[in-house]
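Engineer: Quick one: the structure is below, and I'll ask about it shortly.
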Amino acid sequence: MIFPGRFEGKALVVTGAGQGLGEAVATRAVREGGAVALVDRSEYVYEAARGIQRIPYSAAKGGVNALTASLAWEYAEYGIRVVATAPGGIEAPPRKVSRGTPQAQSDQEKAWFQAHVDQTLASSLMHRYGTLDEEVAPILFLASDEASYITGTRLPVAGGDLG
């Protein structure tokens, strides 16, 4: 029996998640709203993974936020402002250099990518990607003298998604 929402807001680490009991536990925990980290010695764990892998991304974002605030605190007395933006999904031309994503994607990788796109659109109040111009304008504003009294802050530029 599935209990929707039972693990909402909870994170689980499932060992042996590549197959058998571990895979079944991980799969059901996700269906019941949990965020699940899969651990296994076998390569099968990659087949079992709902694949968006937001943990490293979220940790990096948190680091940028803390770094922005800390640098602003330390360098304000020298007239140095430190600001950041939190861009949302962006309609941009294909990357010239891959971020490490293999060129030939499996069906599973394509499904993970689509899940990421769907999640990005769903979390934006505007339910669309931004344009490059919509991202560039706030960045240049923050870098300009017009923003001379702004420091130590992060501006979400993500159609209502707070990043």
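Values in this text are rule-based calculations from the coordinates and carry no lab data. Bear in mind the structure is a predicted one, so any value in this text is a computation, not a measurement. Cβ: placed from backbone, ideal geometry, glycine included. Neighbour counts: every protein chain shown.
Engineer: Go ahead and run the numbers for FRET between residue 66 and residue 1, Cβ-Cβ distance against an R0 of 35 Å, rounding to 0.05.
Structural biologist: On the way: r = 42 Å, r/R0 = 1.20.
Calculated value: 0.25.
Engineer: Quick check: net charge around residue 84, other residues with Cβ under 14 Å of its Cβ, Lys/Arg +1 and Asp/Glu -1?
Structural biologist: Numbers: positive: 61, 81, 154; negative: 135.
Value of the local net charge: +2.
Engineer: Hey, another quick one. Assign one of three labels to the stretch 52-163, namely rounded, prolate or oblate, based on the Cα gyration tensor with a ≥ b ≥ c the square roots of its eigenvalues; rounded applies when a/c is under 1.5, prolate when it is not and a/b is larger than b/c, and oblate otherwise. It would help to have the intermediate numbers written out before the result.
Structural biologist: On the way: a/c = 2.27, a/b = 1.89, b/c = 1.20.
Since a/c reaches 1.5 and a/b is larger than b/c, the shape of the stretch 52-163 is classed as prolate.
Engineer: Computed FRET efficiency, Cβ-Cβ of residue 77 and residue 19, R0 45 Å: what is it to the nearest 0.05?
Structural biologist: Numbers: r = 57 Å, r/R0 = 1.28.
In this case the efficiency is close to 0.20.
Engineer: Also, quick follow-up: Relative to the longest principal Cα axis of the chain, at what angle does helix 20-31 sit, 0 to 90 degrees, rounded to 10?
Structural biologist: With rounding to tens, the tilt is 50 degrees.
Engineer: Here's another thing I want to ask about it. Answer with one residue from 87, 108, 131: the one whose Cα lies farthest towards the positive end of the charge dipole of the stretch 52-163, charges on Cβ with Lys, Arg +1 and Asp, Glu -1.
Structural biologist: Comparing the listed Cα positions along the dipole, 108 ranks first.
Engineer: Which of the peptides 77-85, 4-12 is most tightly packed, and how do the rest follow, judged by the mean count of other Cβ atoms within 10 Å per residue?
Structural biologist: On the way: 77-85: 14.0, 4-12: 11.8.
In decreasing order of mean packing, 77-85, 4-12 become 77-85, 4-12.
Engineer: Just want to confirm a number: the relative contact order over the chain, from Cα pairs under 8 angstrom separated by 6+ residues, in percent. Please report the intermediate quantities before stating the final value.
Structural biologist: Values: 213 pairs, mean separation 37.9, N = 163.
It comes to 23 percent, rounded to a whole number.
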